[in-house]
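Reading through the structure tokens given below for one structure.
The values are calculated or read from the model by the stated rules, or taken from the named source; none is laboratory data. It should be emphasised that the depicted structure is a prediction, and the values quoted were computed from it without experimental measurement. Cβ atoms come from the backbone with ideal geometry, glycine included; neighbour counts cover every protein chain shown. SASA here: full protein model, heavy atoms, side chains in, ligands and nucleic acids out. Shrake-Rupley method; radii C 1.70, N 1.55, O 1.52, S 1.80 Å.
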2 protein chains.
Amino acid sequence: MKRRTTSSKQAVFNILKSSEVALSQDDIEKKVAGEMNRATMYRILNSFCEDGHVHRIFSDDGRTYFAVCLNCKENDHHHNHVHFRCLKCLRMECLKEEIEIKMPQGYTFKDANCLVTGYCNCCS
Amino acid sequence: MKRRTTSSKQAVFNILKSSEVALSQDDIEKKVAGEMNRATMYRILNSFCEDGHVHRIFSDDGRTYFAVCLNCKENDHHHNHVHFRCLKCLRMECLKEEIEIKMPQGYTFKDANCLVTGYCNCCS
DNA sequence: TTTATTATTGCAACAAAGTCGCATTAATAA
DNA sequence: TTATTAATGCGACTTTGTTGCAATAATAAA
Ligand SMILES: [Mn+2]
Ligand SMILES: [Mn+2]
Ligand SMILES: [Zn+2]
Ligand SMILES: [Zn+2]
């Protein structure tokens, strides 16, 4: 027996799944009904990432954002799409745009975290 | 009269300039001769970034790394090159590889922070 | 050279993100 | 129904980075 399904986990997952944008722990805390301990939420988010249901976005605002994996198969995780953070409305979103990076000779690629800041179409 | 040249600034800048890799504040603190207050060093690094002598790399390890700008002209700052962090030897380096990102319709590009993790040629 | 101005520094206190140990609670297997 | 152990809440903690304030020092002005 490994993971157990709990209401906390389901709550967090539903929030992430129904969100159009990536969310920080703080964002989720605001959206979740009732109380939920910060440490617990981080543990939940970490487990989602471990299990490959959710991916992390490391932002230049000092926060980590979380978003559900959409096109990831069990054995094919590719998070090399671009993330965008609007400097005005603060939306953090996963873009369709994928980047392909030519690694230097002898280097091994493990993961990518590509973030672009600017203004979204509403805020431009 | 705006910026003043001080030995602290010069020390930090020389460390960054002579380093092959990008450095975190902590890295610099270890390299700097004698004592230097953390707040002071951050203020120095921030001023370098403001003045466009140095650019920031936001890493997935929770730290910010700093590296001198090499190909930036006064009016043409382009930091859309890829950064690489080796998961074994922990080197953080600026890669030659530049990424070009097609922004969605109506979006305005401001800055990019593209980080790749993996293993460098020594550690692969 | 001397003085005045103000950028820079050190210090301490603070903020925010995230982690961890531990006792308690609750899913699930037996 | 009971036993097992994952999940939770709590509080303490760590790390990165910032800020107010008084003291110091680089530089402009006299
Ligand atoms: Mn994404
Ligand atoms: Mn760089
Ligand atoms: Zn916007
Ligand atoms: Zn390496």
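Quick one: A:Phe84 ticks every box in (1) open to solvent by 20 Å² or more (accessible area, probe 1.4 Å); (2) facing chain B (nearest Cβ under 8 Å) except a single one, so which number is it?
(1)
For residues that are within 16 Å of DNA strand D (Cβ to nearest atom) and farther than 16 Å from A:Tyr107 by Cα, scanning just segment B:104-124, find the one that is most open to solvent (accessible area, probe 1.4 Å).
From segment B:104-124, those within 16 Å of DNA strand D (Cβ to nearest atom) are B:111, B:113, B:115; that's our starting set.
In the following step, the residues that additionally are farther than 16 Å from A:Tyr107 by Cα were identified as B:111, B:113.
Working: B:Asp111: 66, B:Asn113: 10 Å².
Out of the qualifying residues, it is B:Asp111.
What number of residues within segment B:5-47 satisfy the criterion of being without any contact (Cβ under 8 Å) to a residue 12 or more places away in the chain, more than 15 Å from B:Val68 (Cα to Cα) and part of a loop (DSSP other than H, G, I, E, B)?
Of the residues in segment B:5-47, 5 are without any contact (Cβ under 8 Å) to a residue 12 or more places away in the chain, more than 15 Å from B:Val68 (Cα to Cα) and part of a loop (DSSP other than H, G, I, E, B).
Inspect segment A:35-58 for any residue being within 11 Å of chain B (Cβ to nearest Cβ), within 16 Å of DNA strand D (Cβ to nearest atom) and open to solvent by 40 Å² or more (accessible area, probe 1.4 Å) and give the result as yes or no. Full working, then the answer.
Restricting attention to segment A:35-58, the residues satisfying the condition of being within 11 Å of chain B (Cβ to nearest Cβ) are A:56-58.
Retained after the next criterion (residues that are within 16 Å of DNA strand D (Cβ to nearest atom)): A:58.
Subsequent filtering for residues that are open to solvent by 40 Å² or more (accessible area, probe 1.4 Å) retains A:58.
Yes: one or more hits.
What about A:Leu45, is it in contact with a Leu (Cβ under 7 Å, 6 or more places away or on another chain) and of a type outside the set (D, E, K, R)? Full working, then the answer.
Numbers: in contact with a Leu (Cβ under 7 Å, 6 or more places away or on another chain): no; of a type outside the set (D, E, K, R): yes.
So A:Leu45 fails the test.
Table: residues versus (1) part of a strand (DSSP E or B); (2) out of contact with any Asp or Glu (no Cβ under 8 Å at 6 or more places or on another chain); (3) of a type in the set (D, E, K, R).
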residue	(1), (2), (3)
A:Asn71	no, yes, no
A:His79	no, no, no
A:Leu95	yes, yes, no
A:Ile101	no, no, no
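Please find, within segment A:59-68, the residue that is farthest from B:Leu115 (Cα to Cα) out of those that are within 14 Å of chain B (Cβ to nearest Cβ) and not charged (D, E, K, R). Please lay out each step first, then the result.
Step one: of segment A:59-68, the residues within 14 Å of chain B (Cβ to nearest Cβ) are A:59-66.
Now restrict to residues that are not charged (D, E, K, R): A:59, A:62, A:64-66.
On the way: A:Ser59: 11, A:Gly62: 15, A:Thr64: 14, A:Tyr65: 15, A:Phe66: 17 Å.
Looking at the filtered set, the residue picked out is A:Phe66.
Exactly one of these conditions fails for A:Ile101: (1) more than 16 Å from DNA strand C (Cβ to nearest atom); (2) open to solvent by 80 Å² or more (accessible area, probe 1.4 Å). Give me its number.
A:Ile101 satisfies all of (1) more than 16 Å from DNA strand C (Cβ to nearest atom); (2) open to solvent by 80 Å² or more (accessible area, probe 1.4 Å) except (2).
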